[in-house]
(Lines give C-alpha, C1' and ligand atoms only; values in the text may rest on other atoms or scores of the structure.)
Protein backbone atom coordinates (compact mmCIF):
# COMPACT_ATOMS: atom_id res chain seq x y z
CA UNK A 1 0.00 0.00 0.00
CA UNK A 2 2.82 2.37 0.90
CA UNK A 3 4.56 1.67 -2.40
CA UNK A 4 1.32 2.28 -4.31
CA UNK A 5 0.82 5.63 -2.60
CA UNK A 6 4.44 6.61 -3.29
CA UNK A 7 4.06 5.69 -6.95
CA UNK A 8 0.88 7.73 -7.26
CA UNK A 9 2.56 10.78 -5.74
CA UNK A 10 5.56 10.35 -8.03
CA UNK A 11 3.28 10.03 -11.05
CA UNK A 12 1.43 13.23 -10.10
CA UNK A 13 4.69 15.13 -9.67
CA UNK A 14 6.02 13.90 -13.01
CA UNK A 15 2.75 14.78 -14.74
CA UNK A 16 2.92 18.35 -13.45
CA UNK A 17 6.59 18.60 -14.37
CA UNK A 18 5.98 17.27 -17.88
CA UNK A 19 3.09 19.69 -18.41
CA UNK A 20 5.27 22.62 -17.37
CA UNK A 21 7.84 21.60 -19.97
CA UNK A 22 5.39 21.43 -22.85
CA UNK A 23 3.19 24.48 -22.25
CA UNK A 24 3.03 27.57 -20.04
CA UNK A 25 0.01 29.20 -18.48
CA UNK A 26 0.14 32.01 -15.92
CA UNK A 27 -1.57 35.31 -15.31
CA UNK A 28 -0.35 36.45 -18.70
CA UNK A 29 -2.66 34.02 -20.48
CA UNK A 30 -5.41 33.70 -17.88
CA UNK A 31 -5.90 37.46 -17.83
CA UNK A 32 -6.96 37.37 -21.47
CA UNK A 33 -10.03 35.29 -20.82
CA UNK A 34 -11.35 31.78 -21.29
CA UNK A 35 -12.21 30.16 -24.59
CA UNK A 36 -15.84 30.89 -25.37
CA UNK A 37 -16.30 29.43 -28.83
CA UNK A 38 -14.56 27.58 -31.64
CA UNK A 39 -13.84 28.93 -35.10
CA UNK A 40 -16.18 27.52 -37.77
CA UNK A 41 -14.82 24.39 -39.48
CA UNK A 42 -11.71 24.34 -37.26
CA UNK A 43 -11.85 20.54 -37.38
CA UNK A 44 -10.95 20.72 -41.07
CA UNK A 45 -7.48 22.10 -40.39
CA UNK A 46 -4.85 19.81 -41.93
CA UNK A 47 -2.81 19.30 -38.78
CA UNK A 48 -4.05 19.79 -35.24
CA UNK A 49 -1.11 18.95 -33.01
CA UNK A 50 -0.78 18.81 -29.26
CA UNK A 51 2.15 16.44 -29.36
CA UNK A 52 -0.01 13.35 -29.78
CA UNK A 53 0.86 12.92 -33.43
CA UNK A 54 -2.62 13.85 -34.65
CA UNK A 55 -2.43 14.70 -38.33
CA UNK A 56 -5.17 14.60 -40.94
CA UNK A 57 -4.60 14.98 -44.68
CA UNK A 58 -7.40 16.80 -46.46
CA UNK A 59 -7.86 18.62 -49.74
CA UNK A 60 -6.78 22.25 -49.96
CA UNK A 61 -10.31 23.28 -50.90
CA UNK A 62 -11.47 22.17 -47.45
CA UNK A 63 -9.03 24.31 -45.49
CA UNK A 64 -10.98 26.80 -43.33
CA UNK A 65 -10.25 30.49 -43.81
CA UNK A 66 -8.76 32.39 -40.89
CA UNK A 67 -11.78 33.76 -38.95
CA UNK A 68 -12.33 37.43 -39.75
CA UNK A 69 -11.99 38.42 -36.09
CA UNK A 70 -8.44 37.05 -36.03
CA UNK A 71 -7.54 37.97 -39.61
CA UNK A 72 -8.48 41.62 -39.08
CA UNK A 73 -7.31 42.06 -35.48
CA UNK A 74 -4.63 44.74 -35.17
CA UNK A 75 -1.06 43.72 -34.38
CA UNK A 76 1.55 46.17 -33.13
CA UNK A 77 5.23 45.66 -33.90
CA UNK A 78 8.10 46.79 -31.70
CA UNK A 79 8.27 50.15 -33.47
CA UNK A 80 4.61 50.87 -32.80
CA UNK A 81 3.40 50.18 -36.36
CA UNK A 82 0.00 48.54 -36.75
CA UNK A 83 -0.96 45.87 -39.25
CA UNK A 84 -3.24 42.84 -39.64
CA UNK A 85 -2.77 39.21 -40.64
CA UNK A 86 -4.95 40.11 -43.61
CA UNK A 87 -2.09 42.31 -44.85
CA UNK A 88 0.08 39.18 -45.14
CA UNK A 89 -2.15 37.49 -47.71
CA UNK A 90 0.03 36.05 -50.48
CA UNK A 91 2.58 34.81 -47.95
CA UNK A 92 2.78 31.60 -45.96
CA UNK A 93 2.67 32.76 -42.33
CA UNK A 94 3.38 30.84 -39.14
CA UNK A 95 1.86 32.82 -36.27
CA UNK A 96 3.58 31.93 -33.00
CA UNK A 97 2.50 33.12 -29.54
CA UNK A 98 5.31 33.23 -27.01
CA UNK A 99 6.68 34.92 -23.89
CA UNK A 100 10.13 35.60 -22.46
CA UNK A 101 9.34 33.57 -19.32
CA UNK A 102 8.08 30.50 -21.23
CA UNK A 103 10.65 27.69 -21.43
CA UNK A 104 8.90 25.64 -24.17
CA UNK A 105 8.57 28.82 -26.23
CA UNK A 106 12.32 29.40 -26.02
CA UNK A 107 13.05 25.76 -26.86
CA UNK A 108 11.27 26.00 -30.23
CA UNK A 109 12.84 29.31 -31.26
CA UNK A 110 15.93 27.77 -32.93
CA UNK A 111 13.55 25.80 -35.15
CA UNK A 112 11.54 28.90 -35.97
CA UNK A 113 14.79 30.67 -36.86
CA UNK A 114 15.78 27.75 -39.05
CA UNK A 115 12.48 27.78 -40.96
CA UNK A 116 12.62 31.54 -41.43
CA UNK A 117 16.12 31.31 -42.88
CA UNK A 118 15.30 28.30 -45.07
CA UNK A 119 12.16 29.73 -46.66
CA UNK A 120 12.63 33.49 -46.45
CA UNK A 121 13.06 33.73 -50.25
CA UNK A 122 9.86 31.77 -50.85
CA UNK A 123 7.52 34.33 -49.31
CA UNK A 124 7.41 32.63 -45.91
CA UNK A 125 7.33 34.44 -42.59
CA UNK A 126 7.34 33.43 -38.96
CA UNK A 127 5.43 36.03 -36.95
CA UNK A 128 6.33 35.93 -33.25
CA UNK A 129 3.77 37.66 -31.05
CA UNK A 130 4.61 38.28 -27.39
CA UNK A 131 1.79 37.65 -24.92
CA UNK A 132 3.18 39.67 -21.98
CA UNK A 133 5.13 39.12 -18.79
CA UNK A 134 4.34 36.55 -16.11
CA UNK A 135 2.04 39.00 -14.32
CA UNK A 136 -0.15 39.40 -17.39
CA UNK A 137 1.16 42.88 -18.20
CA UNK A 138 2.62 44.06 -21.50
CA UNK A 139 6.33 43.27 -21.80
CA UNK A 140 8.45 46.36 -22.38
CA UNK A 141 9.91 47.01 -25.83
CA UNK A 142 13.38 47.20 -24.28
CA UNK A 143 13.08 43.76 -22.68
CA UNK A 144 11.80 42.19 -25.88
CA UNK A 145 14.48 43.78 -28.05
CA UNK A 146 17.20 42.61 -25.67
CA UNK A 147 15.71 39.12 -25.73
CA UNK A 148 15.46 39.10 -29.54
CA UNK A 149 19.10 40.10 -29.81
CA UNK A 150 20.21 37.50 -27.29
CA UNK A 151 18.31 34.70 -29.07
CA UNK A 152 19.28 36.01 -32.53
CA UNK A 153 15.70 35.89 -33.74
CA UNK A 154 15.50 36.60 -37.46
CA UNK A 155 11.74 36.97 -37.88
CA UNK A 156 9.27 39.81 -37.14
CA UNK A 157 8.26 40.28 -33.52
CA UNK A 158 5.15 42.03 -32.26
CA UNK A 159 2.51 41.96 -29.56
CA UNK A 160 -0.53 39.73 -29.15
CA UNK A 161 -2.84 42.09 -27.28
CA UNK A 162 -5.94 40.99 -25.38
CA UNK A 163 -8.21 41.10 -28.44
CA UNK A 164 -5.80 39.18 -30.66
CA UNK A 165 -5.15 36.57 -27.97
CA UNK A 166 -8.88 36.15 -27.40
CA UNK A 167 -9.45 35.62 -31.12
CA UNK A 168 -6.57 33.14 -31.23
CA UNK A 169 -8.14 31.15 -28.38
CA UNK A 170 -11.34 30.79 -30.40
CA UNK A 171 -9.29 28.92 -32.98
CA UNK A 172 -6.89 26.87 -30.85
CA UNK A 173 -9.04 26.29 -27.74
CA UNK A 174 -5.84 26.50 -25.69
CA UNK A 175 -5.15 29.11 -23.02
CA UNK A 176 -1.41 28.39 -22.77
CA UNK A 177 1.69 29.03 -24.83
CA UNK A 178 3.44 28.29 -27.07
CA UNK A 179 0.76 27.91 -29.66
CA UNK A 180 0.92 28.50 -33.40
CA UNK A 181 -1.24 28.49 -36.51
CA UNK A 182 -0.04 28.00 -40.07
CA UNK A 183 -1.74 30.10 -42.76
CA UNK A 184 -1.34 29.48 -46.49
CA UNK A 185 -1.07 32.10 -49.22
CA UNK A 186 -4.83 32.19 -49.66
CA UNK A 187 -5.49 33.07 -46.03
CA UNK A 188 -6.57 29.58 -45.00
CA UNK A 189 -5.48 27.71 -41.88
CA UNK A 190 -3.52 24.54 -42.63
CA UNK A 191 -2.18 23.76 -39.17
CA UNK A 192 -2.72 24.36 -35.45
CA UNK A 193 0.11 23.54 -33.04
CA UNK A 194 -0.57 23.56 -29.30
CA UNK A 195 2.13 23.41 -26.66
CA UNK A 196 5.81 22.68 -27.08
CA UNK A 197 7.99 19.60 -27.22
CA UNK A 198 9.91 17.88 -29.98
CA UNK A 199 6.92 16.06 -31.44
CA UNK A 200 4.94 19.27 -31.94
CA UNK A 201 8.03 20.97 -33.37
CA UNK A 202 8.56 18.11 -35.82
CA UNK A 203 4.94 18.22 -36.97
CA UNK A 204 5.17 21.99 -37.39
CA UNK A 205 8.32 21.73 -39.50
CA UNK A 206 6.88 18.95 -41.64
CA UNK A 207 3.70 20.95 -42.26
CA UNK A 208 5.66 24.05 -43.25
CA UNK A 209 7.91 22.05 -45.55
CA UNK A 210 4.96 20.39 -47.24
CA UNK A 211 3.23 23.73 -47.78
CA UNK A 212 6.36 25.43 -49.11
CA UNK A 213 6.96 22.62 -51.60
CA UNK A 214 3.47 22.75 -53.08
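Looking at the stretch 174-187 only, could you name the residues that are surrounded by fewer than 19 Cβ atoms within 10 Å (Cβ to Cβ) and either modelled with pLDDT of 95 or more or over 12 Å from the mean Cα position of the chain (by Cα) (or both)? Can you show your working first?
From the stretch 174-187, those surrounded by fewer than 19 Cβ atoms within 10 Å (Cβ to Cβ) are 175, 185-187; that's our starting set.
Selection gives 185, 186, 187.
Here are some conditions: (1) crowded, with 22+ Cβ neighbours inside 10 Å; (2) at pLDDT below 95. Residue 213 meets all but one. Which one does it not meet?
With respect to (1) crowded, with 22+ Cβ neighbours inside 10 Å; (2) at pLDDT below 95, residue 213 is out only on (1).
Can you run down the residue pairs with Cβ atoms below 7 Å, 6 or more apart or on separate chains, where the first is in the stretch 155-172 and at negative phi and the partner is surrounded by fewer than 19 Cβ atoms within 10 Å (Cβ to Cβ) and modelled with pLDDT under 90?
Going by the 7 Å Cβ cut-off, the qualifying pairs are 166/33; 169/35; 169/175; 170/35; 170/37; 170/38; 171/42.
If residue 134 satisfies every condition in (1) assigned to a loop (DSSP other than H, G, I, E, B); (2) within 25 Å of residue 65 (Cβ to Cβ) but one, which is the exception?
(2)
Please state which one of 193, 164, 147 is under 21 Å from residue 24 (Cα atoms), part of a helix (DSSP H, G or I) and touching a strand residue (DSSP E or B) at 6+ places or on another chain (Cβ under 7 Å).
The unique qualifying residue is 164.
Check the stretch 121-142 and report whether any residue there is touching a helix residue (DSSP H, G or I) at 6+ places or on another chain (Cβ under 8 Å), over 24 Å from residue 73 (Cα atoms) and surrounded by fewer than 20 Cβ atoms within 10 Å (Cβ to Cβ).
yes
The values are calculated or read from the model by the stated rules, or taken from the named source; none is laboratory data. Model, not experiment: these values are computed from the prediction. So basically every Cβ, Gly included, is an ideal-geometry build from the backbone, and we count neighbours across all protein chains shown.
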